[in-house]
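Right, one structure below, let's go through it.
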Amino acid sequence: MYDTIIVGGGPAGLTSAIYLRRANKKVLVLEANVCGGQIVTAKNVENYPGYSNISGYDLSENMRKQVLDLGAEIKYETVLRVDEDKKVYTTNNTYEAKSIIIAIGSKNRKLKIENEDKFTGRGISYCATCDGNFFKGKDVAVIGSGNTAIQDMIYLADICNHVYGIVRGESYKGEVSELEEAKNKGNVTLLFNSVVTKLVGDDSLEKIVINDKDEINVSGVFVAIGQEPNNMMFKNVVDIDENGYIITTNDVKTKTKGIYVAGDAREKILRQLTTAVSDGALAATYAIKEME
């Protein structure tokens, strides 16, 4: 029996683990992939207090090591469901706890067009810093209008032959200074009012079709169109809104006593590294108080 099981090893979940261990609670972190969540793939993190510039990987590793040094357990297992009696079922085991913190984050939003799954890993990627080097010297496209898409273009422009920035609307929504940096790259072309409607190739991606008419030869497409929650395995113990996010009361509490949610999985105005860490601290504090 654990005092608290944390589902998710991103910044929110790891922060919860730090606070709980400092209160001498027995803690298990369950993570399906790698600790750090989405931030682990960020080339540079420049908006986290205390660091003018640090890679997402290094920041995540610092958090993970801190959690382990404090004595928390981390197991790499996929959670299938959670019950009201605080049982957590994974692909490998069943665990019990006095409280649960859901910090599962969100997942990459897909284009939802034909052949996307077929070409995933064969031309389609959702992480430029992870896969960019596979396309060194080749032509690629980045789909999206936010900060991630802009940062991906800047990163890829230094590796690839040419980068096409594809935007559904008439403008980018990211930081102006970074957009200017991308524009100043000599090998970046921005395509506005453009939608990828077809992915073409045999064994791997060879070209894309824009607005059902214009073809562009590219070897890779990097999708950066945002995130979506992955909360349906918790629907029996929490309320979920129309967008799939967990509904909370008093910041991070759910409808089930002893089950909390922290980070991008919950309904909130701002989804940033700093707000995830804040949620993690708050969820742990509530859990500690209710165990006293």
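Odds and ends about this structure:
- The set of residues in segment 23-46 that are of a type outside the set (A, V, I, L, M), within 30 Å of LYS289 (Cα to Cα) and outside any loop (DSSP other than H, G, I, E, B) comprises GLY37, GLN38.
- In segment 133-150, residue nearest to the chain's Cα centre (by Cα) [restricted to those that are of a type in the set (S, T, N, Q) and in a helix (DSSP H, G or I)]: THR148
- Pairs are defined by a Cβ separation below 6 Å, a sequence spacing of at least 6 or placement on different chains, a first member in segment 266-284 that is crowded, with 24+ Cβ neighbours inside 10 Å, and a second member that is part of a helix (DSSP H, G or I) and aliphatic (A, V, I, L, M); the pairs so defined are ALA276/ALA12; ASP279/ALA12; GLY280/ALA12; ALA284/LEU20.
- Scanning segment 119-130 for residues that are surrounded by fewer than 18 Cβ atoms within 10 Å (Cβ to Cβ) and not hydroxyl-bearing (Ser, Thr, Tyr) turns up GLY121, ARG122, CYS127, CYS130.
- Where a residue in segment 117-134 is touching a residue at least 12 places away in the same chain (Cβ under 8 Å) and of a type in the set (Val, Ile, Thr) and its partner, wherever it lies, is surrounded by 14 or more Cβ atoms within 10 Å (Cβ to Cβ) and in a loop (DSSP other than H, G, I, E, B), with Cβ under 8 Å and at least six apart: THR129/ALA42; THR129/LYS43
- Condition met for GLU96 (in the same structural domain as PRO49 (by TED's automatic domain parsing), modelled with pLDDT of 95 or more and not β-branched (Val, Ile, Thr)): yes
- Among (1) among the small types (Gly, Ala, Ser); (2) out of contact with any Phe, Trp or Tyr (no Cβ under 8 Å at 6 or more places or on another chain); (3) touching a residue at least 12 places away in the same chain (Cβ under 8 Å) - the single one GLY36 does not satisfy: (2)
- Residues of segment 55-97 that are without any contact (Cβ under 8 Å) to a residue 60 or more places away in the chain and among the basic types (Lys, Arg): ARG64, LYS65, LYS75, LYS87.
- Residues in segment 233-292 that are assigned to a loop (DSSP other than H, G, I, E, B) and among the hydrophobic types (A, V, I, L, M, F, W, C): VAL237, VAL238, ILE247, VAL252, ALA262, ALA265, ILE269, LEU270.
Listed here are the residues, each with its yes/no results for (1) surrounded by fewer than 12 Cβ atoms within 10 Å (Cβ to Cβ); (2) closer than 29 Å to ALA283 by Cβ; (3) in contact with a strand residue (DSSP E or B) (Cβ under 6 Å, 6 or more places away or on another chain); (4) of a type in the set (A, V, I, L, M, F, W, C).
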position: LYS173; (1), (2), (3), (4): no, no, no, no
position: VAL188; (1), (2), (3), (4): no, no, yes, yes
position: ASP214; (1), (2), (3), (4): yes, no, no, no
position: ASN231; (1), (2), (3), (4): no, yes, yes, no
position: VAL238; (1), (2), (3), (4): no, yes, yes, yes
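- Residue within segment 235-256 that is charged (D, E, K, R) and either touching a residue at least 40 places away in the same chain (Cβ under 8 Å) or not assigned by TED's automatic domain parsing to the domain that holds GLY56 (or both) present: no
- Failed item in (1) closer than 13 Å to THR4 by Cβ; (2) at pLDDT below 95, with LYS112 passing the rest: (1)
- Within this structure, VAL221 fails the test of being outside any loop (DSSP other than H, G, I, E, B) and in contact with a Lys or Arg (Cβ under 8 Å, 6 or more places away or on another chain).
The values are calculated or read from the model by the stated rules, or taken from the named source; none is laboratory data. Because the structure is a prediction, the values reported are computed rather than measured. Note that we place each Cβ from the backbone using ideal geometry, even for glycine, and neighbour counts take in every protein chain shown.
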